[in-house]
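The values are calculated or read from the model by the stated rules, or taken from the named source; none is laboratory data. Bear in mind that the values here come from a model prediction, so they are computed numbers and not experimental data. No Cβ is skipped: glycine too gets one built from the backbone with ideal geometry, and neighbour counts run over all protein chains shown. For the accessible areas, the whole protein counts, side chains as well, though only heavy atoms, and no ligand, DNA or RNA atoms are used. Shrake-Rupley method; radii C 1.70, N 1.55, O 1.52, S 1.80 Å.
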Amino acid sequence: VQLQASGGGLVQAGDSLRLSCAASGSTFIWYTMGWFRQAPWKEREFVAAITWRGDTTYYADSVKGRFTISRDNAKNTVYLQMNSLKPDDTAVYYCAAGRLRAQYSATNLYDYWGQGTLVTVSS
């Protein structure tokens, strides 16, 4: 699976941004999709995940209520809608795909990763 993330940019605190991740090369519906992020000098951390059918989602506590993950299986694309952005959300955001059915926040269970898109939130 090849993953291409896009939609990052420079925004102000309180603004919204939508990230997209387009998948190709394999059957998209086989995969749970996740978003992770990595801020400078920090480890990569889980943001959100969505199961293959799109009926179950998971979020890190730090983004719950502000971010929404969704997917369009017809377009082989997963989205991350980010609202009420904070400076602490500044990071490179990565999409990932894996055939996992549990432990959705576990980085090592995802098999494929996109190249990342930078989100910068100014105060």
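Convert each backbone phi in the range 64-81 into a coupling constant with the Karplus relation 6.51 cos²θ - 1.76 cosθ + 1.60 (shift: θ = phi - 60°), then list the ³J(HN,Hα) values in order as whole Hz, x for Gly and Pro.
Whole-Hz 3J(HN,Hα) from phi for the range 64-81: 4, x, 10, 10, 9, 9, 8, 9, 10, 5, 5, 9, 6, 9, 10, 10, 9, 8.
For LEU85, which sequence-distant residues (separation of 5 or more, or a different chain) have an amide H within less than 5 Å of its own amide H, given hydrogens modelled in the peptide plane?
Here the answer is GLY14, ASP15, since their amide H atoms fall under 5 Å of that of LEU85.
Is there a quick way to get the dipole size of the range 50-123? I mean about its Cα centre, with the Cβ of Lys and Arg at +1 and of Asp and Glu at -1; what is the value in debye to the nearest 20? Working shown, then result.
On the way: 8 positive and 6 negative charges, 40 e Å.
With only Lys, Arg, Asp and Glu charged at Cβ, the dipole is about 200 debye.
Give, as a single signed number, the net charge of other residues whose beta carbon lies under 13 Å from the beta carbon of THR57, with Lys and Arg counted +1 and Asp and Glu -1.
Working: positive: ARG53, LYS64, ARG71; negative: ASP55.
Net local charge, THR57 excluded: +2.
Please identify the trypsin sites (Lys or Arg not before Pro) of the range 29-123 that satisfy two criteria: DSSP loop assignment and at most 14 other Cβ atoms within 10 Å. Which are they?
Numbers: sites: ARG37, LYS42, ARG44, ARG53, LYS64, ARG66, ARG71, LYS75, ARG99, ARG101; in loops: LYS42, ARG44, ARG53, LYS64, ARG66, LYS75, ARG99, ARG101.
Taking the range 29-123 and a limit of 14 other Cβ atoms within 10 Å, the loop trypsin sites (Lys or Arg not before Pro) found are LYS42, ARG53, LYS64, LYS75, ARG99, ARG101.
Over the Cα atoms of the chain, compute the convex hull volume and normalise it per residue, giving Å³. Please list the in-between numbers first.
Values: hull volume 11.0 nm³, N = 123.
With only Cα atoms used, the chain gives 89 Å³ per residue.
Between the range 1-61 and the range 95-123, what's the alpha-carbon centroid distance in Å?
With the range 1-61 and the range 95-123 each reduced to a Cα centre, they are spaced 6 Å.
Whole-Hz ³J(HN,Hα) for each residue in the range 50-61, computed from phi via Karplus 6.51 cos²θ - 1.76 cosθ + 1.60 with θ = phi - 60°, x for glycine and proline: what do you get?
My calculation for the range 50-61 gives 9, 6, 4, 7, x, 9, 9, 10, 9, 9, 5, 4 Hz in order.
Excluding ligands, DNA and RNA, what is the solvent-accessible area per residue of the range 1-75 at a probe of 1.4 Å, expressed in Å²?
Details: 4090 Å² over 75 residues.
Ligands and nucleic acids excluded, the figure is 55 Å² per residue.
Expressed as a whole percentage, what fraction of the accessible surface of the chain belongs to carbon and sulfur atoms when a 1.4 Å probe is rolled over the protein heavy atoms?
Working: 2990 of 6360 Å².
Looking at the chain in its full context, I get 47 percent from C and S.
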